[in-house]
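Chemist: Input: one structure, supplied below.
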Amino acid sequence: MDVKRIDVVVIGAGQAGLTASHHLQRTGIEHVVLDRGDGPGGAWRHRWPSLRLGGVHGIHDLPGSPLPETDGARPAADVIVDYFGRYEHDRQLPVLRPVKVDAVRDGGERLLVDSSAGTWAARAVLNATGTWDNPFWPHYPGRHLFTGRQLHTADYRDPQEFRGQHVVVVGGGISAVEHLLEISEVATTTWVTRRPPRFTTGQFDGRAAVAEVERRVRVGLPPGSVVSATGLPGTPAVRAAQQRGVLDRQPMFARITSTGVVWADGRAQRADVILWATGFRPAIAHLAPLHLREAGGGIRVEGTRVVAEPRLHLVGYGPSASTIGASRAGRAAVHEIRILLRGDQERLKRG
């Protein structure tokens with residue numbers, strides 16, 4: 001088997017991966033970025049076309065390259081894909097695509113990264129795969145009986161496809177609210193969540209969310225959602241939708257029937273579509289051979305470093321699962337990797 005030896009493998013070329021590659025390049029560390037996408041943009045390649053740049057919260061600049069001022073009415077996906085593509089090209093970052101990573105294994109003195117483009121033997125691996133490739137579909141009784149359409153946020157494209165229908169939107173996060181705002185203009189909707197939503201009235205502050213998620217990953221629990229700590233932003237559009245009754249939330253239904261949903265008290269709602277805006281889970285199945293899961297179900301992380309495997313860093317996981325968090329974490333991970341590699345060199349000299 002042809003194994004390529006390299007200092008660092010970065011998995012994923014989204015915000016976190018490109019940030020890490022930039023800092024690795026600046027510090028002279030030999031690396032490769034393996035990205036499964038057909039082109040640049042990471043998860044932004046798949047965002048729904050009706051999501052406009054002006055309606056996106058918290059896009060953070062890539063290091064050394066501010067996002068150009070642009071028309072807020074343009075589709076956010078188009079803007080960010082172009083931005084990421086120019087960044088890769090202008091800096092000549094070593095991105096290979098499309099490359100699917102199948103597994104990361106312990107190869108002794110190095111980690112082995114098995115992929116559709118061969119195997120790399122790396123002194124360190126920086127995983128930046130995000131969550132978009134792993135949508136979460138919760139199980140509810142009768143889901144297989146529904147004769148209408150079911151889709152996830154990952155499949156959502158345009159509200160016009162629901163014109164004249166009744167859509168049940170499931171989920172208490174920002175994506176669910178964005179879907180409701182759009183779909184309610186062309187269809188009737190029912191909003192269903194497990195917990196009552198909490199809308200904020202002030203400026204968005206993600207510090208509480210970051211602190212809570214960091215606490216969870218430090219003790220080996222799965223990362224929680226940002227919204228559970230911060231609440232939903234009470235924008236003018238949201239307030240207008242509240243006045244229209246669009247955001248009058250219903251508790252979670254008990255089961256799904258062939259024609260809709262039914263609550264525990266017997267109330268029923270006919271539906272043409274069930275839209276599951278139920279979030280995503282970290283796309284880390286390829287790390288399974290390393291056996292990193294703790295008893296609590298998560299991976300214990302300090303900063304970005306995996307406690308059980310110090311040669312592995314997770315960026316875009318837990319407290320760094322946001323554009324600004326990913327950028328900061330990418331820089332911090334490269335700093336730690338540089339120390340790790342320098343320590344390896346010193347041990348070789350001594351030994």
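The values are calculated or read from the model by the stated rules, or taken from the named source; none is laboratory data. As the structure is a computational prediction, the values presented were derived from the model and not from experiment. Cβ placement follows ideal geometry from the backbone for every residue including glycine, while neighbour counts extend to all protein chains displayed.
Chemist: Please verify whether the stretch 130-139 includes one or more residues that are β-branched (Val, Ile, Thr), surrounded by 15 or more Cβ atoms within 10 Å (Cβ to Cβ) and either in contact with a Phe, Trp or Tyr (Cβ under 8 Å, 6 or more places away or on another chain) or part of a loop (DSSP other than H, G, I, E, B) (or both).
Modeler: Step one: of the stretch 130-139, the residues β-branched (Val, Ile, Thr) are 131.
Okay, now just the ones that are also surrounded by 15 or more Cβ atoms within 10 Å (Cβ to Cβ), so 131.
When the remaining residues are screened for being either in contact with a Phe, Trp or Tyr (Cβ under 8 Å, 6 or more places away or on another chain) or part of a loop (DSSP other than H, G, I, E, B) (or both), the result is 131.
Yes, because at least one residue in the stretch 130-139 is β-branched (Val, Ile, Thr), surrounded by 15 or more Cβ atoms within 10 Å (Cβ to Cβ) and either in contact with a Phe, Trp or Tyr (Cβ under 8 Å, 6 or more places away or on another chain) or part of a loop (DSSP other than H, G, I, E, B) (or both).
Chemist: Name the residues in the stretch 319-336 that are part of a helix (DSSP H, G or I) and either at pLDDT below 80 or among the hydrophobic types (A, V, I, L, M, F, W, C) (or both), would you? It would help to see each step written out before you state the result.
Modeler: Within the stretch 319-336, the subset part of a helix (DSSP H, G or I) is 319-320, 323-336.
The answer is Pro319, Ser320, Thr323, Ile324, Gly325, Ala326, Ser327, Arg328, Ala329, Ala332, Ala333, Val334.
Chemist: Which of the helices (runs of 4 or more DSSP H) contained wholly in the stretch 199-293 include at least 2 residues that are modelled with pLDDT of 60 or more and not polar (S, T, N, Q)? Give the steps one after another, and end with the answer.
Modeler: On the way: elements: 207-218, 227-230, 236-244.
Once the helices (runs of 4 or more DSSP H) in the stretch 199-293 are filtered for at least 2 residues that are modelled with pLDDT of 60 or more and not polar (S, T, N, Q), what remains is 207-218, 236-244.
Chemist: State all residues of the stretch 106-125 that are part of a strand (DSSP E or B) and surrounded by fewer than 16 Cβ atoms within 10 Å (Cβ to Cβ); if no residue qualifies, say none.
Modeler: First pass over the stretch 106-125, keeping only residues part of a strand (DSSP E or B): 106, 111-115, 118-125.
Scanning the stretch 106-125 gives Asp106, Gly118.
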